[in-house]
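Okay, so here's the structure we're looking at.
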Amino acid sequence: MHATAAPSPKPTLPKKGPALIERVTPTVEGGRHAAKRIVGDTLTVEADIFRDGHASLRALLRLTDPAGTIREVPMRPMLEHGIPLSAATQDRWRAQIALDVVGMHHFEIEAYTDHYGSWLRDLGKKVAAKRDVKSDRLEGHELVTRTAEALSQAGRRDEAAELRRYATLMQLAPDDAAAVTIASEAALVELMARVGDRPDIERSAAFPLYVDRELAAFSAWYELFPRSQGEKKGEHGTFRSAAKRLPEIADLGFDIVYLPPIHPIGKVNRKGRNNSLTSEPGEPGSPWAIGSVEGGHDAIDPRLGTIADFDAFVATARRLKLEIALDFAIQCAPDHPWVTQHPDWFFRRPDGSIKYAENPPKEYQDVYSVNFDTPDVEALIVALGDVLRFWLEHGVTVFRVDNPHTKPLYVWERLIAELQAQDPNVLFLAEAFTRPKMMRALGKVGFSQSYTYFTWRTTKYEIVEYMTELVGEMNDFYRPNFWVNTPDILPKMLQTSSPAAFKQRFVLAATLSPSYGVYSGYELNEGAALPDSEEYLHSEKYELKFRDYDAPGNLKAFIARINTIRRENPALHRLVPIEFVWTESEHILAYARSNADKSNVILVVVNLDPIAEHHGRCYVAPEVVGVQPGERYTVNDLLSGQHYEWGQDNYVALDPNDEPAHIFRIERR
């Protein structure tokens with residue numbers, strides 16, 4: 001006798017409506033992470049929406065803001081948006097809605113059978129075919145009166161009365177054509193679409209959307225070491241002396257003043273000049289060696305002043321419409337209080353000693369890395385959140401996070417969400433020069449902006465390729481910040497201290513990306529490097545710097561002019577759209593930026609060679625600048641003030657010793 005296996009149970013399929021909702025955008029990892037947008041922008045949502053059979057569909061976009069308020073707007077097929085029908089646009093629907101609140105939103109799509117629309121469509125076809133529609137007219141009358149009755153029972157008497165009026169008109173229509181005309185009136189169609197029965201409604205998942213303030217998308221950063229703002233050479237700066245530089249920084253057109261760590265600096269293994277392993281008496285050490293007996297991440301280096309002095313510094317910045325960004329580096333000097341209070345938060349060698357940080361070939365003997373594999377990880381994360389909240393309460397609205405890719409992603413996802421729940425306006429910049437997929441992952445878990453590889457993209461091909469990558473699907477979650485230099489990075493191109501090179505890179509950063517940054521000294525063409533490296537000679541990371549910001553040859557006027565151009569032209573306020581323009585010379589890069597309706601179009605032409613003049617043809621397709629084929633237009637050079645008449649085929653010549661770039665604004669006739 002053989003045993004027989006019991007039949008496998010049939011899978012139970014969930015009961016669903018007839019509509020299918022697929023390929024919803026914008027979403028990140030299917031809704032695992034929030035897409036990003038800016039307050040004041042218009043959110044465009046698209047999806048494939050279709051159903052079985054021949055009945056018509058209706059679809060709605062529902063947007064829930066941080067307060068729980070829900071707004072609905074109808075979705076329409078792409079054809080109704082003026083998009084030609086194709087394999088890609090068939091059954092593709094779109095809706096747009098203005099974003100007016102900062103914070104976490106959620107959106108979802110509802111699709112359902114449009115019973116009235118289906119009836120009306122079929123009625124029109126039958127009348128056109130001279131079919132008998134007596135029964136069909138009764139069906140439509142019943143549909144409208146039944147909806148009116150439901151509204152009446154719900155207490156919506158005005159809408160019910162309006163539907164009864166239309167039902168009577170439809171019933172009394174003298175002929176079939178008149179009935180179709182009455183039933184097709186826009187007011188009736190809209191009312192039935194809004195209040196009609198939806199028994200088979202299908203709803204998508206709720207997708208997260210974080211809406212940031214404008215500064216998250218459009219910002220100019222200036223990195224400043226307060227300790228180098230002494231009133232004379234060799235004098236340690238304070239917050240009070242550093243505040244005296246803020247008006248000039250504001251006049252240059254910057255939005256954010258970024259400070260490296262301002263905390264007590266460790267004395268154990270303190271680094272000396274040029275990263276020397278030993279420091280001489282009086283040398284200040286690296287600000288990134290955080291903590292000493294004077295305090296840790298929530299304390300201020302006494303040489304800079306007190307917390308009251310810092311508060312006054314922030315208040316001065318705010319009066320000048322500047323915001324303060326603070327470095328958040330999760331690492332500790334050997335004499336940081338956490339080392340003795342929480343020894344399990346650090347990596348230990350077999351002999352019991354704590355390992356200092358390394359990134360071969362670099363070594364950081366003055367810094368201990370934090371161990372997130374500690375059994376006490378919850379207390380560690382809480383402590384880090386407390387540090388962030390402390391500085392938030394003292395007016396810091398932006399955090400530049402040092403090497404976030406060396407810490408677990410879940411830590412950032414949690415901390416950013418917690419801080420933005422407390423204050424939706426707080427921003428986070430990821431300083432991560434690492435594998436591209438990890439850089440993208442940091443954007444997905446919540447970082448508002450991210451450092452990029454722009455610093456090393458110098459040729460025409462490299463720049464076009466990199467921008468093409470950034471404006472693709474990454475645009476929903478990754479906001480690039482183009483830094484031209486940092487205290488850690490002095491690019492080879494700038495090591496000649498050629499003003500033309502500094503101007504060229506500044507124009508590229510400030511017009512390719514809506515957010516960019518410079519480290520102080522850039523305006524003075526500082527380019528002295530350690531031999532065979534991208535490190536600064538006499539780096540400010542290890543010593544005080546005293547600068548004459550009015551020294552001959554400074555770029556302050558040039559920087560201020562570029563920042564004014566940026567602010568006055570909305571075309572430069574967003575990463576997309578960007579359209580690269582064909583030029584004859586491999587040394588000349590041209591690209592157009594525009595706002596949504598092309599009422600503001602900027603055309604940038606840059607000589608990528610900081611030494612020699614280059615020239616050649618520049619072909620501008622008319623649709624790129626919003627003109628008709630063959631139409632001539634004026635280009636106004638916002639740098640020189642000169643005007644030229646352009647068309648599709650043009651000629652450019654740029655001598656870097658004069659100006660390395662044109663920034664043209666298109667002036668239509």
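Contact map, region 208-221: residues that are without any contact (Cβ under 8 Å) to a residue 40 or more places away in the chain paired with residues that are buried (at least 19 other Cβ atoms within 10 Å of the Cβ) and among the small types (Gly, Ala, Ser), Cβ distance under 9 Å, separation 6+ or inter-chain. No pairs are found.
Only one entry of Tyr410, Tyr356 meets the criterion of being at pLDDT below 95 and hydroxyl-bearing (Ser, Thr, Tyr), and that entry is Tyr356. Assess whether Glu72 counts as being out of contact with any Phe, Trp or Tyr (no Cβ under 7 Å at 6 or more places or on another chain), among the charged types (D, E, K, R), crowded, with 17+ Cβ neighbours inside 10 Å and part of a strand (DSSP E or B). Here the answer is no, as Glu72 does not meet what is asked. Every listed requirement among (1) loosely packed, with under 14 Cβ neighbours inside 10 Å; (2) under 36 Å from the mean Cα position of the chain (by Cα); (3) not in a strand (DSSP E or B) is met by Glu358 save one, (3). Entry remark, region 611-646: residues being open to solvent by less than 40 Å² (accessible area, probe 1.4 Å), modelled with pLDDT under 95 and part of a loop (DSSP other than H, G, I, E, B) number 2 in total. Scanning region 94-107 for residues that are open to solvent by 30 Å² or more (accessible area, probe 1.4 Å) and assigned to a strand (DSSP E or B), we see that the one that is farthest from Val195 (Cα to Cα) is Met104.
When Glu534 is tested against (1) at pLDDT 95 or above; (2) exposed (fewer than 15 other Cβ atoms within 10 Å of the Cβ); (3) in contact with a helix residue (DSSP H, G or I) (Cβ under 8 Å, 6 or more places away or on another chain), exactly one condition is not met: (2). Residues in region 246-277 that are in a helix (DSSP H, G or I) and of a type in the set (A, V, I, L, M): Leu246, Ile249, Ala250. Total residues in region 652-669 satisfying the condition of being of a type outside the set (A, V, I, L, M, F, W, C), within 11 Å of Ile588 (Cβ to Cβ) and open to solvent by 10 Å² or more (accessible area, probe 1.4 Å): the figure is 1. Scanning region 572-601 for residues that are under 21 Å from Val484 (Cβ atoms) and not aromatic (Phe, Trp, Tyr) returns Leu572, His573, Arg574, Leu575, Ile578, His587, Ile588, Leu589, Ala590, Arg593. Against the test of being among the charged types (D, E, K, R) and in contact (Cβ under 8 Å) with a residue 40 or more places away in the chain, the options Arg146, Arg131, Arg156 yield a single qualifying residue, Arg146. When Ala178, Ala154, Ala193 are checked against the criterion of being open to solvent by 60 Å² or more (accessible area, probe 1.4 Å) and out of contact with any Ser or Thr (no Cβ under 9 Å at 6 or more places or on another chain), Ala154 stands alone in meeting it.
Looking at region 188-216, which of its residues are more than 30 Å from Val144 (Cβ to Cβ) and either aromatic (Phe, Trp, Tyr) or in contact with a His (Cβ under 7 Å, 6 or more places away or on another chain) (or both)? Answer for region 188-216, where residues must be more than 30 Å from Val144 (Cβ to Cβ) and either aromatic (Phe, Trp, Tyr) or in contact with a His (Cβ under 7 Å, 6 or more places away or on another chain) (or both): Ala206, Phe207, Pro208, Leu209, Tyr210, Val211. What's the total number of residues in region 78-93 that are open to solvent by less than 50 Å² (accessible area, probe 1.4 Å), of a type outside the set (Phe, Trp, Tyr) and not in a loop (DSSP other than H, G, I, E, B)? Residues meeting the conditions: 2. Within region 447-504, the residues that satisfy the criterion of being under 25 Å from Ile663 (Cα atoms), without any contact (Cβ under 8 Å) to a residue 60 or more places away in the chain, among the aromatic types (Phe, Trp, Tyr) and not in a helix (DSSP H, G or I) are Tyr451, Tyr453, Phe482. Within the option set Leu512, Leu555, Leu508, Leu575, being touching an Asp or Glu at 6+ places or on another chain (Cβ under 6 Å) and open to solvent by less than 40 Å² (accessible area, probe 1.4 Å) holds for one residue only, Leu555. Would you point out the residue of region 318-340, among those that are assigned to a loop (DSSP other than H, G, I, E, B) and not aliphatic (A, V, I, L, M), that is most open to solvent (accessible area, probe 1.4 Å)? Taking the candidates together, the pick is Lys321.
Being assigned to a loop (DSSP other than H, G, I, E, B) and under 18 Å from Ala596 (Cα atoms) is the filter; apply it to region 37-64 and report the residue that is most open to solvent (accessible area, probe 1.4 Å).
If we take residues in region 37-64 being assigned to a loop (DSSP other than H, G, I, E, B) and under 18 Å from Ala596 (Cα atoms), then Gly40 is most open to solvent (accessible area, probe 1.4 Å).
Can you tell which of Tyr461, Tyr466 is open to solvent by 40 Å² or more (accessible area, probe 1.4 Å), within 26 Å of Val581 (Cα to Cα) and not aliphatic (A, V, I, L, M)? On inspection, the qualifying residue turns out to be Tyr461.
Checking each residue in region 438-488 for being within 17 Å of Pro514 (Cβ to Cβ) and among the small types (Gly, Ala, Ser) picks out Gly443, Ser448, Ser450, Gly472.
Looking at His236, His263, just one residue is farther than 30 Å from Val576 by Cβ, modelled with pLDDT of 95 or more and crowded, with 24+ Cβ neighbours inside 10 Å, and that residue is His263. In region 490-506 there is no residue matching the filter, namely being under 13 Å from the mean Cα position of the chain (by Cα) and either at positive phi or at pLDDT 95 or above (or both). Note on region 271-302: among residues that are modelled with pLDDT of 95 or more and among the charged types (D, E, K, R), the one that is surrounded by the most Cβ atoms within 10 Å (Cβ to Cβ) is Asp301. The set of residues from region 201-210 being open to solvent by 30 Å² or more (accessible area, probe 1.4 Å) and closer than 28 Å to Arg156 by Cα comprises Ile201, Arg203.
Answer yes or no: is there a residue in region 622-644 that is under 19 Å from Lys460 (Cα atoms) and of a type in the set (S, T, N, Q). Scanning region 622-644, I find no residue that is under 19 Å from Lys460 (Cα atoms) and of a type in the set (S, T, N, Q), so the answer is no.
The values are calculated or read from the model by the stated rules, or taken from the named source; none is laboratory data. In this text, all values refer to a predicted model and were calculated from it rather than measured experimentally. Note that we place each Cβ from the backbone using ideal geometry, even for glycine, and neighbour counts take in every protein chain shown. Note: accessible area is taken over every heavy atom of the protein model, side chains too, but ligands, DNA and RNA are not part of it. Shrake-Rupley method; radii C 1.70, N 1.55, O 1.52, S 1.80 Å.
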